[in-house]
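Derivation of every value follows stated rules applied to the coordinates shown; laboratory data play no part. What you see is a predicted model, and the numbers here were worked out from it, not measured in a lab. Note: ideal-geometry Cβ built from the backbone for every residue, glycine included; neighbour counts use all protein chains shown.
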Amino acid sequence: MSKLLKDTVFEWVKIILTAIVIAIIITQFIRPTLVRGESMYPTLEENDYLIISKISYKIKSPKTGDIIVFKTNLLQEDGTHKDLVKRVIATEGNHLVIKDSKVYVDYKLLDEPYIHNQYTTGDIDIIIPENKIFAMGDNREKSLDSRYEEVGLVDESDVIGKVTVRLYPFDKIGIVK
């Protein structure tokens, strides 16, 4: 076999192996998603393109303040199940109270500079059960979230991953907090 042929074969093997590694990383560790709706405004906006870390919660559990994507039983227009993007407000064992438009976790007023209009509807007093999460959108007036029966508490097993990076719009590329 000539040196040129060997070099060409070697280059093709490198390209194929690199493509396989990239495919494994994309399918196993990260996932892209597109924001639909206004429920996370002003943090996220309609058509923001996000990268979700699927491995984050294989190592540790979600914590208050994380923005997560999770599976629901809600149906989209095409009949498929809808994934939601929301912020973790309380986790297993936390005592959550929503009263007079204020959110308390374990008797402490939650500092929520990220919410739109600083108003939270609902009258809730609950201790979050094992393996459950209470999640809400940052735009509380326009968010279907754990306050409502249609969504309810999120099973930790339904969490797809943690929102980590916004890729689009280009002027807002960066880490999502």
Charges on Cβ only, +1 for Lys and Arg, -1 for Asp and Glu, centred on the Cα centroid of the chain; of N117, S53, F10, which one is farthest towards the dipole's positive end? F10
How about segment 90-170: which GluC sites (Glu not before Pro) there lie in a loop by DSSP and see at most 13 other Cβ atoms within 10 Å? E130, E149, E150
Average silhouette area of segment 58-162, convex hull of alpha-carbon atoms, in square nanometres: 6.7
Against the longest principal axis of the chain, how steep is helix 3-28, in degrees 0 to 90 to the nearest 10, with axes from Cα atoms? 10
Computed over the Cα atoms of the chain, what is the ratio Rg over Rh, Rh following Kirkwood? 1.13
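For the chain, what does the helix formula give at 222 nm: sum of -39500 (n - 2.57) over DSSP H segments with n ≥ 4, over the residue count, nearest 500 deg cm²/dmol?
Only helices count here, giving -5500 deg cm²/dmol.
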Ordered by residue, what ³J(HN,Hα) values in Hz, to whole numbers, does segment 161-177 give under the Karplus form 6.51 cos²θ - 1.76 cosθ + 1.60, where θ = phi - 60° and Gly and Pro are x? x, 9, 5, 10, 9, 9, 9, 8, x, 4, 6, 10, 4, x, 5, 9, 10
With a Förster radius of 30 Å, plug the Cβ-Cβ distance of K102 and T33 into 1/(1 + (r/R0)^6) and report the FRET value to the nearest 0.05. 0.45
Quick one: 3J(HN,Hα) in Hz for segment 76-88, Karplus 6.51/-1.76/1.60 with θ = phi - 60°, rounded, Gly and Pro as x. 8, 4, 7, x, 8, 6, 8, 8, 10, 10, 8, 9, 6
How large is the dipole of the chain about the Cα centre if only Lys and Arg carry +1 and Asp and Glu carry -1, each at its Cβ, rounded to the nearest 20 debye? 880
Quick one: among L96, L74, L17, which has the greatest mean-square fluctuation in a GNM of the chain with alpha-carbon springs under 10 angstrom? L17
Please rank F70, F134, fewest neighbouring Cβ atoms within 10 Å first, as an exposure proxy. F70, F134
May I ask you to evaluate 6.51 cos²θ - 1.76 cosθ + 1.60, the Karplus curve with θ = phi - 60°, for each residue of segment 99-111 and list the ³J(HN,Hα) values in order in whole Hz, giving x for glycine and proline? 8, 6, 6, 10, 10, 10, 10, 6, 6, 10, 5, 6, 7
